[in-house]
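Below you'll find the structure, written out as C-alpha cells, and then a few comments.
The values are calculated or read from the model by the stated rules, or taken from the named source; none is laboratory data. Given the structure is predicted, the values throughout are model-derived calculations rather than measurements. Here the Cβ positions follow ideal geometry from the backbone for every residue, glycine too, while neighbour counts run over all protein chains shown. Note: areas computed on protein heavy atoms with side chains; ligands, DNA, RNA excluded. Shrake-Rupley method; radii C 1.70, N 1.55, O 1.52, S 1.80 Å.
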Amino acid sequence: MAFAPNVQEMVRSNPLQVPETFLVSRKEEDEPKSTADAFDLSSKIPILDLSLLSSGHKEELNKLDQACKEWGFFQVVNHGVATELLQEMKDATAKFFELPLEEKNKIRMSGGREGYGQAYAISEGQTMDWSDTLILSLYPAQSRDLKFWPTAPNGFRETIEAYSSEVKRIGEELIRSLSIIMELEKDALLGLHKEVLQALRVNYTPPCSMPDKVLALSPHSDTTTVTILMQEDNVTGLQIRKEGKWVPVKPIPNALVVNVGDALEIWSNGKYKSIEHRAVPNESRLRISYASFLFPHTDAEVGPFDHMVESSRKYKKLKFGDYMAKAIKGKLDGKAHTEMAKIGS
C-alpha cells in the first residue's frame, strides 16, 4: 500500500494538482446532460418510511418491493436514529480526518482491508480513486480489531459504537421486511445469514480542481445483502447507474440511503437489482460519506430461492465466503463479481 498517495495531503500541499494516476475517461454520453435532467431523475428515487415497514404496512412493503426491482436504491426516513447522533458521527469523523497524518497513520492499513488509507490500492500503475478511507469491522463484536480503531479524537470510538449499533438495528429491520416481500417467514432471511456481519467504510473526498476527470469511488456493486449510507446533507457525490446513465442521489437531510447488494440479487434470482454506483468529487467542497455494509456470514449459503425462479435459475448456489474472497481480490470493477456467480460463467 506504500505507493498509494494520500489524497488529503496532496490537496493540502497543492489544491490544483491532479496526478495522472487519478485521471479516468468518463464518457460524456453517460453523464447527466443538465442540472434539470439530473434533478428530474434523482427526484424519482424512492423514499420509504422505516417505521411503516417495520410495522408491516402493506402499501409500504409493496413500495419496498418496487424499489428493489426497479431501482435497487432507495432512501429511508423515520428510521429512529436521533439527529444528534448522526451529527455527532459527522463531527467526530471530520475531527479525525483533520488530525496530523502521523496520528492517522498509527492505524494505517497494513496488508488487509481495515484501518486508514487507500482501500483498493491493489497494484502499481492502476487508476486511483480520489478519496482516503477508514474501514472498520464492527459486528460480530469479536471480529473487531481494535488496533485499527481511532483513539482520537476523544470519544470517537464510543460514537462509532453508538452509530453502528443503530445501523445494525435498521439493517436487521430492513432484512426482516425483505424476507416478507420475498414470501418467507419474517426472520427466515436473517436466519440464513447465520450471523449478520457488519463493516463501516468512511470515504473522505477532498475537493478536486478537475472533478470531471477523476472518480472518488470507481463504479461497482456491493457484495452485501444491503448497504446503508449516510451522506453529507449539502454535497451530492453518489451516482447510480439507471437506464445507462449516471443519476445523482440527492441528499435528504437525516435520511439514510439503502442499496440492494449482490447477496440479495442472487437470493432473489435477479428480481432485486444490485445496482452499479460510483462517487464523484466536488470542485470546491469536501464530502465525507459513511457506508455500512451488512453481509451474510462467510459460512452461509447464497443461491436463488426455488420459489423465486420463474423460468430459469440464473445464479449458482455458493458459499458466501468464497464469493467474497473472489470479489475483493481486485479493484472495484462494475458488476464483474455478480457475473462470476451466474450459471455458465
Original post:
Across the stretch 175-195, what is the total count of residues that are modelled with pLDDT of 95 or more and not in a helix (DSSP H, G or I)?
Top reply: 6
Original post:
Asn105 passes all but one of (1) among the polar types (S, T, N, Q); (2) more than 19 Å from the chain's Cα centre (by Cα); (3) within 23 Å of Leu294 (Cα to Cα); which number fails?
Top reply: (3)
**OP:** Could you please tell me which pairs satisfy a Cβ distance under 6 Å, a separation of 6+ or placement on different chains, a first residue in the stretch 291-310 that is farther than 26 Å from Arg169 by Cβ, and a second residue that is in a strand (DSSP E or B)?
**Re:** Pro304/Tyr315
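Is it the case that some residue within the stretch 273-287 is touching a His at 6+ places or on another chain (Cβ under 8 Å) and more than 30 Å from Phe22 (Cα to Cα)?
If we filter the stretch 273-287 for residues that are touching a His at 6+ places or on another chain (Cβ under 8 Å), which is where we start, we get 276-278.
Remaining after also requiring more than 30 Å from Phe22 (Cα to Cα): none.
Looking through the stretch 273-287, none of the residues is touching a His at 6+ places or on another chain (Cβ under 8 Å) and more than 30 Å from Phe22 (Cα to Cα).
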**OP:** Go through Leu52, Leu48 for me and flag whichever is among the aliphatic types (A, V, I, L, M), modelled with pLDDT of 95 or more and open to solvent by less than 20 Å² (accessible area, probe 1.4 Å).
**Re:** Leu48
Subject >> Ile275 being of a type in the set (A, V, I, L, M, F, W, C) and in a loop (DSSP other than H, G, I, E, B) >> reply: yes
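What are the residues in the stretch 47-105 that are among the basic types (Lys, Arg) and touching a helix residue (DSSP H, G or I) at 6+ places or on another chain (Cβ under 9 Å), if any?
Of the residues in the stretch 47-105, the ones among the basic types (Lys, Arg) are 58, 63, 69, 90, 95, 104.
If the condition is that a residue be among the basic types (Lys, Arg) and touching a helix residue (DSSP H, G or I) at 6+ places or on another chain (Cβ under 9 Å), then Lys63, Lys95, Lys104 are the ones that fit.
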Subject >> Residues being in a strand (DSSP E or B) and closer than 13 Å to Glu276 by Cα - total across the stretch 223-237 >> reply: 1
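Residues Leu174, Leu192: which one is open to solvent by less than 30 Å² (accessible area, probe 1.4 Å), over 15 Å from the mean Cα position of the chain (by Cα) and aliphatic (A, V, I, L, M)?
On the way: Leu192 fails: open to solvent by less than 30 Å² (accessible area, probe 1.4 Å).
It is Leu174.
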Original post:
Among the residues of the stretch 160-171, how many are surrounded by fewer than 18 Cβ atoms within 10 Å (Cβ to Cβ) and either under 19 Å from Ala94 (Cβ atoms) or in contact with a His (Cβ under 8 Å, 6 or more places away or on another chain) (or both)?
Top reply: 2
Subject >> Filtered residues of the stretch 1-45 (kept if assigned to a loop (DSSP other than H, G, I, E, B), exposed (fewer than 14 other Cβ atoms within 10 Å of the Cβ) and at pLDDT below 70) >> reply: Ala2, Phe3, Lys27, Lys33, Ser34
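Out of the residues in the stretch 214-241 that are among the polar types (S, T, N, Q) and touching a helix residue (DSSP H, G or I) at 6+ places or on another chain (Cβ under 7 Å), which is surrounded by the most Cβ atoms within 10 Å (Cβ to Cβ)? Walk me through how you get there before you give the answer.
Of all residues in the stretch 214-241, those among the polar types (S, T, N, Q) come to 218, 221, 223-225, 227, 231, 234, 236, 239.
So of that shortlist, the ones also touching a helix residue (DSSP H, G or I) at 6+ places or on another chain (Cβ under 7 Å) come out as 221, 223-225.
On the way: Ser221: 26, Thr223: 21, Thr224: 25, Thr225: 31.
Per the criteria, the residue is Thr225.
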**OP:** Could you check the stretch 69-154 for strands (runs of 3 or more DSSP E) lying wholly inside it with 1 or more residues that are in contact (Cβ under 8 Å) with a residue 60 or more places away in the chain and either open to solvent by 50 Å² or more (accessible area, probe 1.4 Å) or touching a Leu at 6+ places or on another chain (Cβ under 7 Å) (or both)?
**Re:** 73-77, 132-139
Subject >> Residue match in the stretch 287-309 (condition: open to solvent by 20 Å² or more (accessible area, probe 1.4 Å), among the aliphatic types (A, V, I, L, M) and within 22 Å of Leu53 (Cα to Cα)) >> reply: yes
Subject >> Output for the stretch 315-333, where each listed residue is at pLDDT below 90 and crowded, with 19+ Cβ neighbours inside 10 Å >> reply: Tyr323, Met324, Ala327, Leu332
